[in-house]
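For reference, the structure is listed below as structure tokens.
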Amino acid sequence: MSSEIWQITWFTVWASALSLLLILPPGVALAWLLARKHWPGKSLIETLVALPLVVPPVATGLVLLKLLGRRGALGGWLERTFGLEIVFTWRAVVVATAVMSFPLLVRTARVAFEGVSPRLEQVARTLGASPWRVFWTVTFPLAARGLAAGAVLAFARGLGEFGATVMVAGFIPGQTVTLALSIYQQVNLGHDEAAWPLLGVSVTLAFGAVWLGERLAQRRTA
Amino acid sequence: MKLTLAGVRLPLTPFALEMDFQLDARVTGIFGPSGAGKTSLLEIIAGLRRPAAGRVTLDGTVLSDADDAPQVFLPPERRGIGYVPQDGALFPHLSVRDNLLYGHGRSSEKAARAGSPDEKLTFAHVTAVLEISALAGRAVGTLSGGEQRRVALGRALLAAPRLLLLDEPLAGLDTPLRERLLPCLARVRDEFGVPMLHVTHAPDEVMELCDEVLVLAQGRLSQRGRPAGLFVAAASPRYVLRDRMEPLPPQG
């Protein structure tokens with residue numbers, strides 16, 4: 001494979017992994033809150049989080065573009081305060097990937113937490129464990145497999161992200177071009193044969209991730 | 001041990017649990033049919049449910065008070081009250097030993113206990129009395145029903161509770177196993193002296209284990225007294241309530 005394909009593959013995996021790292025703590029925390037607690041506005045947050053699953057990714061990308069652009073509310077503030085540019089940089093790829101894979105992570109993690117019997121947590125409390133200790137010694141280990149499955153799914157989803165990424169990150173060779181973006185660009189330019197190896201890499205990565213995710217999910221229910 | 005529930009009320013469907021009593025017996029039976037509110041009563045005492053009204057105190061400590069402003073509610077981990085639910089609720093990801101040791105040496109520091117013989121509540125002694133020493137290295141999933149219940153009981157005891165709540169510890173076991181575990185519970189009662197509330201719908205458990213019994217019906221206390229005063233011998237089940245000669249409906 002050419003060095004360009006390696007660079008694109010590496011960048012895609014790296015961006016997806018980084019976005020997974022970013023969404024893991026808030027995603028797991030939110031999943032736990034949704035699974036275990038009742039709070040005002042819960043159904044609203046539930047719906048908002050699920051939106052990227054059903055809204056056209058390009059539309060999500062447009063929202064991100066307006067929000068994170070230099071004249072956007074968040075983007076302007078980030079640039080003034082930290083000198084951070086988001087839009088049309090590698091950061092935009094990470095942000096778009098994070099937003100698009102967040103719902104998958106939260107949904108899977110929520111199911112994992114819901115599969116842990118509250119009875120076990122209650123008994124742990126009566127044995128003198130604080131809520132924090134209960135979470136780390138009972139809830140988390142019992143949900144771990146499902147959480148890992150959710151992380152793998154989110155990562156796999158991130159690898160293939162296209163619509164939102166193309167809106168906020170554009171095609172900047174060597175900087176924002178992922179496997180999905182590159183495939184589209186090559187075919188668009190009439191270089192179908194250049195798209196084949198990219199397709200092969202994409203399918204291989206996705207196959208590996210989905211296979212791992214399924215295995216994790218199955219063992220949890222077994 | 002002195003447990004007081006004053007004006008405690010918890011809405012359930014189709015009735016409300018309303019409890020007003022004071023207990024000081026060593027082993028108190030809570031007797032009644034399924035759906036009488038027995039488990040909810042234990043959950044209130046353990047701190048797993050918040051009553052809508054009333055005050056719960058144990059040995060002078062206010063556990064919960066829904067009538068005062070601000071309300072008092074001591075979380076379960078600070079009550080020093082052991083709770084063994086019906087199925088035992090062992091932690092499936094931990095070995096038998098780690099289950100047994102989960103609360104050991106923790107709640108005992110937090111709960112100020114009066115005159116409980118905690119030097120007896122060691123791992124070696126508790127597992128010996130319950131005859132589960134040989135199980136320590138096993139995985140929870142490999143235990144039989146009777147073994148699981150004894151491990152759950154041992155786990156609660158090793159947390160050195162000042163009061164132990166047992167929710168139908170023998171329900172759902174076949175008769176030979178029940179016959180074997182009943183003396184085991186009596187041994188625990190005699191050896192460790194931890195006060196117990198024993199929820200059951202089996203009169204023979206009340207007769208053999210309890211010093212006093214509260215009879216619950218529809219969320220209210222319907223009778224209370226010494227077991228021998230409330231139950232009379234019968235053919236099947238072996239005892240029935242004296243002033244309700246028909247046996248209570250069998251429960252599963």
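The values are calculated or read from the model by the stated rules, or taken from the named source; none is laboratory data. Everything numeric here is computed off the predicted structure, so don't read it as measured data. Please note: Cβ atoms are built from the backbone with ideal geometry, for glycine as well, and neighbour counts cover all protein chains shown. Only protein heavy atoms, including side chains, enter the accessible area calculation; ligands, DNA and RNA are left aside. Shrake-Rupley method; radii C 1.70, N 1.55, O 1.52, S 1.80 Å.
Below is a table of values for the structure above.
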{"read-out": "Pairwise centroid distance, computed over Cα atoms, of the stretch B:141-172 with the stretch A:120-138, Å", "value": "17 Å"}
{"read-out": "Accessible carbon and sulfur surface of the stretch A:3-221 relative to its total accessible area, %, 1.4 Å", "value": "69 percent"}
{"read-out": "Cβ charges +1 (Lys, Arg) and -1 (Asp, Glu), total dipole of the stretch A:3-221, debye", "value": "1040 debye"}
{"read-out": "Degrees separating the helix A:192-221 axis from the principal Cα axis of chain A, which is the longest one", "value": "0 degrees"}
{"read-out": "Cα-based equivalent ellipsoid of the protein assembly as shown: semi-axis lengths in Å, sorted from largest, via gyration tensor", "value": "59, 24, 19"}
{"read-out": "Accessible area buried, both sides summed, chains B and A with 1.4 Å probe, Å²", "value": "1800 Å²"}
{"read-out": "Potential lengthening between A:E46 and A:N188 on full extension [0.36 nm per residue; Cα-Cα distance subtracted]", "value": "47.4 nm"}
{"read-out": "Label-to-label distance, nm, for residues given as A:A17 and A:T81 (7 Å Cα→Cβ offset)", "value": "2.9 nm"}
{"read-out": "Protection proxy ranking, peptides A:61-67, A:185-191, average beta carbon neighbours within 10 Å, highest first", "value": "A:61-67, A:185-191"}
{"read-out": "Share of pairwise Cα separations in the stretch A:3-221, more than 23 Å, in percent", "value": "53 percent"}
{"read-out": "Test item: Cα-centred dipole of chain B, Lys/Arg +1 and Asp/Glu -1 on Cβ, debye", "value": "200 debye"}
{"read-out": "Extreme residue, positive dipole direction of the protein assembly as shown, given options A:V138, B:L23, A:P52 (C-beta unit charges)", "value": "A:P52"}
{"read-out": "Accessible area per residue, Å², the stretch A:3-221 with all protein chains present, probe 1.4 Å", "value": "51 Å²"}
{"read-out": "Charge dipole magnitude, Cβ of K and R +1, D and E -1 - the stretch A:148-222, Cα centre, debye nearest 20", "value": "440 debye"}
